[in-house]
1. Within the range 548-599, track down each residue that is in contact with a strand residue (DSSP E or B) (Cβ under 9 Å, 6 or more places away or on another chain), surrounded by fewer than 20 Cβ atoms within 10 Å (Cβ to Cβ) and aromatic (Phe, Trp, Tyr).
2. If you take the residues of the range 124-142 that are aliphatic (A, V, I, L, M) and touching a strand residue (DSSP E or B) at 6+ places or on another chain (Cβ under 9 Å), which of them is farthest from residue 276 (Cα to Cα)?
3. Mind checking which pairs have a first residue in the range 104-121 that is farther than 13 Å from residue 60 by Cα and a second that is surrounded by fewer than 18 Cβ atoms within 10 Å (Cβ to Cβ) and basic (Lys, Arg), Cβ under 6 Å, 6 or more apart or different chains?
4. When you scan the range 367-376, do you find a residue that is in contact with a Pro (Cβ under 6 Å, 6 or more places away or on another chain), surrounded by 19 or more Cβ atoms within 10 Å (Cβ to Cβ) and modelled with pLDDT under 95, even just one?
5. Hey, among 35, 39, which residue is buried (at least 17 other Cβ atoms within 10 Å of the Cβ), within 29 Å of residue 197 (Cα to Cα), touching a strand residue (DSSP E or B) at 6+ places or on another chain (Cβ under 6 Å) and of a type in the set (Ser, Thr, Tyr)?
6. Residues in the range 119-129: is at least one under 21 Å from the mean Cα position of the chain (by Cα), outside any helix (DSSP H, G or I) and not assigned by TED's automatic domain parsing to the domain that holds residue 270?
7. For the range 198-253, what are the residues that are among the charged types (D, E, K, R) and surrounded by 14 or more Cβ atoms within 10 Å (Cβ to Cβ)?
8. Taking strands (runs of 3 or more DSSP E) that fall entirely within the range 133-249, which contain at least 1 residues that are assigned by TED's automatic domain parsing to the domain that holds residue 116?
Amino acid sequence: MNVNERIASLRELMRKHGIDTYYVPNEDDHLSEEYTADYFKCKSFLTGFSGEAGCAVVTKDRACLWTDGRFFTQAEIELEGTEVELMRMGQPGVPMVRDYLIDNTPEGGVLGFDGRVVSSFMAANLEKALENKKAKLVMDYDLAGEVWGEERPTMPKESLWVLKKKYTGETAKERIDRVRAAMKEKNADVLILTALEDPCWMLNIRGNDIECTPVSYAFALVTAKTCVYYIDQDKVKKSVAKYFADNGVTVKDYDALEKDLKKLKNKKVWTDLNQLNAYLKEQINETNTILNMASPVVKFRAVKNETEIKCIRNAHLKDGVAMTKFMYWLKNERPDDLTEMSAQDHLYRLREAEPDYVEPSFPTISAYQENAAMMHYSASEKSNAAVKKSGFLLVDSGGTYLDGSTDITRTFSMGKPKAWEKEMYTLVLKGHVNLLRQKFLTGTTGQNLDILARSALWNLGIDYQCGTGHGVGHVLAVHEGPHGISWGFRSRRGLPVALEPGMVVTDEPGVYLPHKFGVRLENELLVVKAEKNFYGQFLEFENLTFCPYDRDAIDPKYLAKEELDWVNAYHKDLYQKLSPYMNAKEKKWLKAATAPIKA
């Protein structure tokens, strides 16, 4: 079936069940916001839009897709020829999904969705709003899944593996004790861990259920005396089963959580209603009290310990070697028939050669010229562009190593750039450096700092329609909360989170000119303490990422002296760190590539 036929089939099922409006989010049953297993990609199946963010809403006479600014151009292309309308999130006149769902459910009508992939908070919010229209919710039907039918991928069954203490700095027992201490402070009897990363962090367990994200589909339930891990037990090898037993962890089937939730009586249950799906919430009876807060593990895994920090630095050194060798190859040894995919594949091979490499931390974005204007473009056999000896090649990539996860973007000039191309590149670099250099007081959030990266672009009436930075997990998801850097706060709950020592965050401003080109520069930064004085404790960023900026694309007239001085100091430090790992030709090139740039 094509997209329009799929939507027609969905409407038939809606009529059968008396549903007027049907909502298809991007999430899985753990409410992962972006990266999910193929089994859960109903939104993409239904609409044909392959981007990893957004949702779809279908009514009797209209089908709409919401997505954010990273995907506008991609969505325009992929939705062309279908009945699906693109709703550009955050743009004037575009309603929020919640408001659209309420407004388009008729008086006395029915709004439907699969309760396993919608948060209990959102479900309750919608249900209350619909009362005014005497309308109701139906959460029992996965209609998009029914349309998908037998062609739908199966749930993944990848085996678990243990991340050793030499990489994490703590045993599973120690981490479980930290969780229980947090529960005691809140007088919580039970803690439900639903985010995929949380049980992995607590138990030092990793999996491979989601492409490029080393997690496994599993829940956990913690009390003062028990720790239960809910997973498809086919994933648990004998050695891992013994590891769980040794650490006091009971393993149960994935679906057993709902039965155990029904058994809870008169307990104070700590769960995040933004992260607990509506179906599971219905299993908790009213004798229990809900403590609706983010899991304590969210903060624990965001603030890295000394062992993790040491390992992360080492991972970035290895990653810098691979990226710098890749840059040398692009500039000096690239084949005449270079394409986006052949460039991407060469970088994969370079990373694979590094010690303790596991997998990419996300699918590489290798985007030439107009393709780079689509922030999360992914080259395919159909789109694979030839990389000419002109223009820009944007490469956003990263690696998962046993000692850490990396995320780096560099934009490479493939010939002699035009003056305005150099201007755009340098203004992105300017914002990137301004943020990286900034000191700030304890209590500062990423929302406070975001303008530093955008200022030069805003002054020209240019913006990049996404956040400036995101947290990065330690051998976990490459996009990690609760912190980030963004002027328009986008989060499921609460206020922006203050940056703290030990947090890792990216710095990645960009320029995206539709159908022309894109420029992005990205480093990972570690929040560390600076001086403490009369005014309070200052913090600053330690740069973690090492790969040259492309001096061929830099026009120093757009950089202030202190910005240019920082770039030159960075290149000097980079040469000292990476040159020992380069062969003679690479080392000679690197010396020139990192030579001081004069104003």
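1. 570
2. Ranking the qualifying residues of the range 124-142, first place goes to 135.
3. Note: pairs meeting the criteria are 107/133; 108/134.
4. Yes.
5. Just a single option satisfies the conditions, and that option is 35.
6. Checking the range 119-129: at least one residue is under 21 Å from the mean Cα position of the chain (by Cα), outside any helix (DSSP H, G or I) and not assigned by TED's automatic domain parsing to the domain that holds residue 270.
7. 198, 206, 209, 211, 232, 235, 252
8. Output list reads 136-138.
The values are calculated or read from the model by the stated rules, or taken from the named source; none is laboratory data. In this text, all values refer to a predicted model and were calculated from it rather than measured experimentally. Neighbour counts run over all protein chains shown; Cβ positions are idealised from the backbone, glycine included.
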